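S.K.: Provided herewith is a single structure, encoded as structure tokens, for subsequent inquiry.
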Amino acid sequence: MIIQFYLRFYTTVGQELLISGLPNEQAPIRMNWFNNQYWFAQIDLDPSLIENFTYYYQLQDIDGKITSEWGRDRQLQSDLTGFDEIQVVDTWNHAGFYENAFYTAPFQDTLLQHTGKKKSKLPKHFSHIFRVKAPLLKKNEVVCLSGAGTTLGEWSTEKPILLQAEGTWWTIAMELPKEGFPLQYKYGIYNTKNKSFVQFESGENRQLFGDAGQHLTIVQDGFLQVPSTGWKGAGVAIPVFSLRTKNSWGIGEFTDLKELVDWAASVDMKLIQLLPINDTTATHSWIDSYPYAAISAFALHPIFINLEVVAGKKSASLLKPYKEQQKFLNELPVVDYEAVLKLKLELLLQLFEIQKENWLQDKDYQEFFNRNEDWLVPFAAFCYLRDENGSSDFTRWSSHGQYDAAAIAKLVATDSDAYSKIAFHYYLQFQLHTQLKAATEYAHKNGIIVKGDIPIGIYRYSCDAWVAPELYNMDQQAGAPPDDFAIKGQNWGFPTYNWQQMQKDGFGWWKRRFAQMSDYFDAFRIDHILGFFRIWSIPYQATEGIMGRFVPAIGVHKKEFQERGIWFDHIRYSRPYITENEVDRRFGELSGFVKDSFLEPTGYGQYFFKPEFDTQRKIENWFVEAGVRDNNNWLRQGLYDLHSNVILFEEEGSNGNYYHFRFGMDQTSSFQSLEWDTQQKLKDLYINYFFRRQDAFWQEEAMHKLPALKASTNMLICGEDLGMVPDCVPDVMNQLGILSLEIQRMPKDPTKEFFHPNDAPYLSVVTPSTHDMSTIRGWWEEDRAKTQRFFNNELGQWGEAPVFCEAWINKQIIIQHLHSPAMWSIFQLQDLLGGDEQLRRADPADERINVPANPKHYWRYRMHLTLEQLQKEKTFNQDLKDYIKASGRA
């Protein structure tokens, strides 16, 4: 059997096209340029292989970079063996086409109606098969075909040719006469209930050249050319730990999601967004409340388990003595993380001892274990060793500090003394899996999808770092540069990813992570997607985010300073600039103590740090070990500030040849002490470094990672693209069809003070606030002048703005976001409640979930009313439902 491929694609000089993904792992086939419209390739195929013949196209640039088209649904039918020759005419499927979003899991499995997936029966005689995609048809609508010639109906709209739904395609097989070519035609939409033609697709007529000979021609025409931005949905965002039901144990649980689903469905919402739900138990203290510091990228957090479900009827009596304690914890205004976790683990251990004999033989458990063994066994061993050593810091363990698979296999063996304690963690993860799976399946049955959150980093002392430290740069810390919310930058403490190492196995760790997430989630938010372009990397010996730089980045060669007429002194620019006046100004009466204890003079009224204090980390350790009382960290912060008083950071391993600018160098006294001419020349180079030279390089970095990762999952991907956004980021996200995040108070256009939801791109999520910032009401009170401008310019109101965010203002902001053209409008529950004077909290400060500037923030926000109470608020719920319906998001 001969198969000829014709791909509609316009290339530039040096580009080539490939056919990939062929059966039996066959190498990609290079295509040949046919004319300005088409590329061509021909293969001889054993007819017995046609049943599993799938393929996709790739574009290879002149530099060797390969870009794959989106989708893996090109497949030849098995009942075409009667043809000796098949011509396939294809259209490239660009990943950034809006329509591709509707073929992701949430839309295909939950949100969109499907008219049929069965394979249509082929007629006895046919010469052509036409196939096209149309994801957004309404009920009773089908794709139709009409065109020139009697066979295509002479453009008839009364009796057009109706296509049949088959998988993700609409298809029709028909016999076309030779004399009808070249063929002009269009697809349209037909309502089968009313028996009426709805519309033709837009654009010029489609054309097909060729003839109807002995061969078969399959025309795969891409997407129906009708507006594809009409679908819009609304959602609610809330962490699991913040949920409250009348039967909770002091914290939200996976089973509480069912109550949240009932409420969301009742107001016509279509999405629930959660924060990370992975296990963060590193210290068994409230510090572990930080949901982005998971000890495993795969394991779920036992604090979210529902004890009654685990106990069942047989063991329910075990929980009765703890009902008063449950009631006390559940009535607290916030989460008591330590008390809840301690109580749950104690009871879960008792339940495990009762149930373990029968549970180990459970078929569902055995299936779960076999599917997840690769991460579950090391994780259980890690938890056992953490508890035995009283720390998750595996570098301090008495044994097994370095992961050894053979040694761990002995430790987890069923005849090991440690087996029962290790199996307890198998038990917990199975129970969590079962409860979360039940909750998300319940959501799907009610037309609700669930969106998860993938943190950008892993905890330094996590199971992932223990098992495969080579995948991470353990001598670095991820964070964010300084901004208005954190003037010293952010240091998240996570090791950065070793992307080169991860790429060696095709990003296997990421693909396993996505696969496991897809067990529960339909969509996910990539926390800090900018980290796939470049990450803010801070040496481990520093403690503040301001001591970091973007990695990777193109450094400034020392010759560039000379070429720009800048006097270059390595020590002056890249070591802390500490002068007598600077020390006296910062420390006042303690300046003598600081000079004697921490500094050593270099002459001419200048100082260096003593070797034992020459990093911020050494200073931090000294304060801890010496037990020095330091009111409000005043002395420590002063010493940190001396360390960050630099202009450049030397690139490690460059032998003093390459340097990187410290962010905000013009705010340092080191910079301000330079003569004016040198300042101006350094500023020019600084702007070049941050805003010009890196963009193409960072785009290339992202395109090495994101396409492969996106292709590994069918979940809908949303990127958190906030902060200092390189110019290349929107283009990459558009190319890949990744949804952006748009926040009204954080415009990406530097010329604007606010972003208007009406200006959002379709492939985006709009929201008035996130967990990392104050709610609408809290923000309203932060800056009176800014609030006034927002009131007049963004809300279009006259006069003086109210001092406090009155309910009608909050409501108007919600409605403004609902009417955005963005695909999704998602709101924190606190913001929704803020539109009701009776339901919202008295103090907006109590609504906030996280303060990014505080690395030791206690994540403990909890709803102040139960979900059962919320469901009974008929007026509030009906109003919200009406707003959603009026915005076209119902």
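The values are calculated or read from the model by the stated rules, or taken from the named source; none is laboratory data. Remember, predicted model here, so these are calculated numbers, not experimental data. We place every Cβ from the backbone using ideal geometry, glycine too, and count neighbours over all the protein chains shown. What goes into the accessible areas is simple: the full protein's heavy atoms, side chains included, and nothing from ligands, DNA or RNA. Shrake-Rupley method; radii C 1.70, N 1.55, O 1.52, S 1.80 Å.
S.K.: Could you point to the residue in ALA696, LEU706, SER670 farthest towards the positive end of segment 596-712's charge dipole, with +1 and -1 charges on the Cβ of Lys/Arg and Asp/Glu respectively?
M.R.: Comparing the listed Cα positions along the dipole, LEU706 ranks first.
S.K.: Take every Cα-Cα distance within segment 446-580, group them into 10 Å bins from 0 onward, and report for each bin the whole-number percent of pairs it holds.
M.R.: All Cα pairs, binned at 10 Å, distribute as 10, 30, 30, 18, 8, 3, 1 percent.
S.K.: I would also like to ask the following. To the nearest 10 degrees, how steeply does helix 508-517 sit against the main Cα axis of the chain, on a 0 to 90 scale?
M.R.: With rounding to tens, the tilt is 80 degrees.
S.K.: What is the packing order of peptides 297-306, 310-319, taking the mean over residues of other C-beta atoms within 10 Å and listing the highest first? Don't skip to the end; give the middle numbers.
M.R.: Details: 297-306: 23.1, 310-319: 13.6.
Result, highest mean first: 297-306, 310-319.
S.K.: Only bridges whose two residues both fall in segment 1-112 count here: according to DSSP, what percent of them are antiparallel, nearest 5? Don't skip to the answer; put the middle values down first.
M.R.: Numbers: 21 of 28 bridges.
About 75 percent, rounded to the nearest 5.
S.K.: Under a 5 Å amide H to amide H cut-off, with H placed in plane at 1.01 Å, what residues pair with GLN87 once short-range neighbours are removed?
M.R.: GLN4, LEU216, THR217, ILE218
S.K.: Give, rounded to the nearest 20 debye, the magnitude of the charge dipole that segment 383-460 has about its Cα centre when Lys and Arg contribute +1 at Cβ and Asp and Glu contribute -1 at Cβ.
M.R.: Numbers: 8 positive and 8 negative charges, 59 e Å.
Its charge dipole is roughly 280 debye.
S.K.: Would you work out which of SER644, PHE382, PRO482 lies farthest towards the positive end of the dipole of the chain, given +1 charges on the beta-carbon of Lys and Arg and -1 on that of Asp and Glu, about the Cα centre?
M.R.: PHE382
S.K.: Could you give the accessible area per residue of segment 309-415, probe 1.4 Å, as a whole number in Å²?
M.R.: Working: 6250 Å² over 107 residues.
Spelled out: the 1.4 Å probe surface of segment 309-415, per residue, equals 58 Å².
S.K.: What number, in percent, do you get for the relative contact order of segment 793-838 if the mean sequence gap of Cα pairs under 8 Å and at least 6 apart is divided by its residue count?
M.R.: Details: 21 pairs, mean separation 22.6, N = 46.
Answer for segment 793-838 is 49 percent.
S.K.: Something else: Compute the Cα gyration tensor for segment 117-199, then decide on rounded, prolate or oblate, letting a ≥ b ≥ c be the square roots of its eigenvalues: rounded whenever a/c is under 1.5, prolate when a/b is larger than b/c in the other cases, and oblate in all that remain.
M.R.: Details: a/c = 2.00, a/b = 1.26, b/c = 1.59.
Cα axes put segment 117-199 in the oblate bin.
S.K.: A further question on this structure: Taking only C-alpha pairs under 8 Å that are 6+ residues apart, what is the relative contact order of segment 598-713 in percent?
M.R.: Relative contact order for segment 598-713 comes out at 12 percent.
S.K.: Identify the chymotrypsin sites (Phe, Trp or Tyr not before Pro) of segment 603-653 meeting these criteria: DSSP loop state and at most 10 other C-beta atoms within 10 Å of the C-beta.
M.R.: Numbers: sites: TYR604, TYR607, PHE608, PHE609, PHE613, TRP622, PHE623, TRP634, TYR640, PHE649; in loops: TYR604.
Within segment 603-653, the qualifying chymotrypsin sites (Phe, Trp or Tyr not before Pro) (loop, at most 10 other Cβ atoms within 10 Å) are TYR604.
S.K.: On the protein heavy atoms, probe 1.4 angstrom, tell me the percent of accessible surface of the chain carried by carbon and sulfur.
M.R.: The value for the chain is 49 percent carbon and sulfur by accessible area.
S.K.: Now for a separate question. Give the aspartates and glutamates whose C-alpha is closer than 14 Å to that of LYS178, dropping any in the same chain fewer than 8 places away, or say none.
M.R.: ASP211
S.K.: Averaging sequence separations of C-alpha pairs under 8 Å and six or more residues apart, then dividing by the length of the chain, give the relative contact order as a whole percent. Show your work: numbers first, answer last.
M.R.: Values: 1603 pairs, mean separation 105.1, N = 890.
Rounded, it is 12 percent for the chain.
S.K.: Quick one: how many Å² of GLU600 are accessible to a 1.4 Å probe, rounded to 10?
M.R.: Roughly 80 Å² of GLU600 is accessible to a 1.4 Å probe.
S.K.: I would also like to ask the following. Put ILE2, ILE717 in order of accessible area, largest first, 1.4 Å probe: what do you get? Each step should come with its number before you reach the end.
M.R.: Numbers: ILE2 50, ILE717 10 Å².
These residues rank, largest area first, as ILE2, ILE717.
S.K.: Right, another one. Mind ordering 532-541, 20-29 by average Cβ neighbours within 10 Å, highest first? The partial results should precede the final answer.
M.R.: Details: 532-541: 21.4, 20-29: 12.9.
Ranked from most to least packed, the peptides come out as 532-541, 20-29.
S.K.: Rounded to a whole number, what is D in µm²/s for segment 198-248 from Stokes-Einstein with the Kirkwood radius over alpha-carbon pairs (4 °C, 1.567 mPa s)?
M.R.: Numbers: Rh = 17.3 Å.
After rounding, the answer is 75 µm²/s.
S.K.: Could you derive backbone 3J(HN,Hα) for segment 635-652 from the dihedral phi with the Karplus parameters 6.51, -1.76 and 1.60 (θ = phi - 60°), listing whole Hz in sequence and x where the residue is Gly or Pro?
M.R.: With the stated coefficients, segment 635-652 comes to 5, 4, 5, x, 5, 4, 5, 4, 5, 8, 7, 10, 9, 10, 10, 6, 6, 4 Hz.
S.K.: Out of the DSSP beta bridges found with both residues in the chain, what percent are antiparallel (nearest 5)?
M.R.: Values: 68 of 110 bridges.
The antiparallel fraction comes to roughly 60 percent.
S.K.: Let me ask another. Rounded, prolate or oblate for segment 368-527? Axes are the square roots of the Cα gyration tensor eigenvalues, ordered a ≥ b ≥ c, and the cut-off for rounded is a/c under 1.5.
M.R.: Details: a/c = 1.80, a/b = 1.07, b/c = 1.68.
Since a/c reaches 1.5 but b/c is at least a/b, the shape of segment 368-527 is classed as oblate.
S.K.: Quantify how much of the Cα-Cα distance distribution of segment 766-882 extends past 16 Å, in percent. Write out the running numbers ahead of the final one.
M.R.: Numbers: 4282 of 6786 pairs.
For segment 766-882, the fraction of Cα-Cα distances above 16 Å is 63 percent.
S.K.: Separate question: List the GluC sites (Glu not before Pro) within segment 727-802 that fall in a DSSP loop (any state other than H, G, I, E or B) and whose Cβ has at most 10 other Cβ atoms within 10 Å. Don't skip to the answer; put the middle values down first.
M.R.: On the way: sites: GLU742, GLU753, GLU781, GLU782, GLU794, GLU800; in loops: GLU753, GLU781, GLU782, GLU800.
Sites meeting the loop and neighbour criteria: GLU800.
S.K.: Another question about this same structure. Any idea what angle helix 363-389 forms with the longest principal axis of the chain, computed on alpha-carbon atoms, 0 to 90 degrees, nearest 10?
M.R.: The two axes meet at around 10 degrees.
S.K.: Can you work out ³J(HN,Hα) from phi for every residue in segment 448-459, in order, using Karplus 6.51 cos²θ - 1.76 cosθ + 1.60 and θ = phi - 60°, giving whole Hz and x for Gly and Pro?
M.R.: Couplings: 10, 9, 10, 10, x, 9, 9, x, 6, x, 10, 5 Hz.
S.K.: What do you get for the angle between helix 337-359 and the principal long axis of the chain? Use alpha-carbon atoms, 0 to 90 degrees, nearest ten.
M.R.: 50
S.K.: Separate question: Among the aspartates and glutamates, which have Cα under 18 Å from the Cα of LYS618 when same-chain residues fewer than 8 positions away are ignored?
M.R.: List returned: ASP475, GLU544, ASP596, GLU600, ASP630, ASP641.
S.K.: Still on this model: Give the long-range amide H neighbours of ASN498: residues separated by 5 or more places, or on another chain, with amide H under 5 Å away, using H modelled in the peptide plane at 1.01 Å from N.
M.R.: Amide H neighbours of ASN498, under 5 Å, 5+ apart: TYR472, ASN473.
S.K.: Return the lysines within reach of LYS232: Cα separation strictly under 18 angstrom, same-chain partners fewer than 8 residues apart disregarded; answer none if there are no such residues.
M.R.: LYS138, LYS139, LYS270, LYS451, LYS881, LYS885
S.K.: Return one whole number: the accessible area per residue of segment 473-516 in Å², for a 1.4 Å probe. Mind showing how you got there, number by number?
M.R.: Details: 1930 Å² over 44 residues.
Accessible area per residue, segment 473-516: 44 Å².
S.K.: What size of dipole, in debye to the nearest 20, comes out for segment 81-211 about its Cα centre when the only charges are +1 on Lys and Arg C-beta atoms and -1 on Asp and Glu C-beta atoms?
M.R.: Working: 15 positive and 14 negative charges, 133 e Å.
Value, rounded to 20: 640 debye.
S.K.: Sticking with this structure for a sec: About its Cα centre, how strong a charge dipole does the chain have in debye, to the nearest 20, once Lys and Arg get +1 and Asp and Glu get -1 at the Cβ?
M.R.: Numbers: 90 positive and 113 negative charges, 356 e Å.
With only Lys, Arg, Asp and Glu charged at Cβ, the dipole is about 1720 debye.
S.K.: Ranked highest first by the average count of other Cβ atoms within 10 Å around their residues, in what order do 82-93, 125-136, 670-681 fall? Let's see the in-between values first.
M.R.: Working: 82-93: 17.8, 125-136: 19.7, 670-681: 14.2.
So the peptides 82-93, 125-136, 670-681, ranked by packing, come out 125-136, 82-93, 670-681.
S.K.: Another question, if that's okay. Tell me the label-point distance for the pair VAL624, TYR762, using the 7 Å Cα-to-Cβ offset, in nm and rounded to one decimal.
M.R.: Inter-label distance under the simple model: 5.3 nm.
S.K.: For segment 763-890, build the charge dipole from Cβ charges (+1 Lys, Arg; -1 Asp, Glu) around the Cα centre, then report which of PHE876, PHE791, GLN838 sits farthest towards its positive end.
M.R.: PHE876
S.K.: Quick one: check the C-alpha center-to-center distance for segment 147-169 versus segment 371-446, whole angstrom.
M.R.: 58
S.K.: Extension gain ALA785-SER266, at 0.36 nm per residue separation less the Cα-Cα distance, in nm? Please report the intermediate quantities before stating the final value.
M.R.: Values: separation 519, 0.36 × 519 = 186.84 nm, distance 3.88 nm.
Between ALA785 and SER266, full extension yields 183.0 nm more.
S.K.: So which trypsin sites (Lys or Arg not before Pro) in segment 722-817 pass both tests, a DSSP loop state and at most 15 other Cβ atoms within 10 Å of the Cβ?
M.R.: Values: sites: ARG745, LYS748, LYS752, ARG777, ARG784, LYS786, ARG789, LYS811; in loops: ARG745, LYS748, LYS752.
In loop regions of segment 722-817 (DSSP not H, G, I, E or B), the sparsely surrounded trypsin sites (Lys or Arg not before Pro) are LYS752.
S.K.: I'd like to check one number: the per residue accessible area of segment 138-289, probe 1.4 Å, reported in Å² as a whole number.
M.R.: Values: 5870 Å² over 152 residues.
Normalised by residue count, the accessible surface of segment 138-289 is 39 Å².
S.K.: Between THR875 and GLU800, what FRET efficiency comes out of the Förster formula 1/(1 + (r/R0)^6) with R0 = 35 Å and r the beta carbon distance, rounded to 0.05?
M.R.: Details: r = 30 Å, r/R0 = 0.84.
FRET efficiency, GLU800 to THR875: 0.75.
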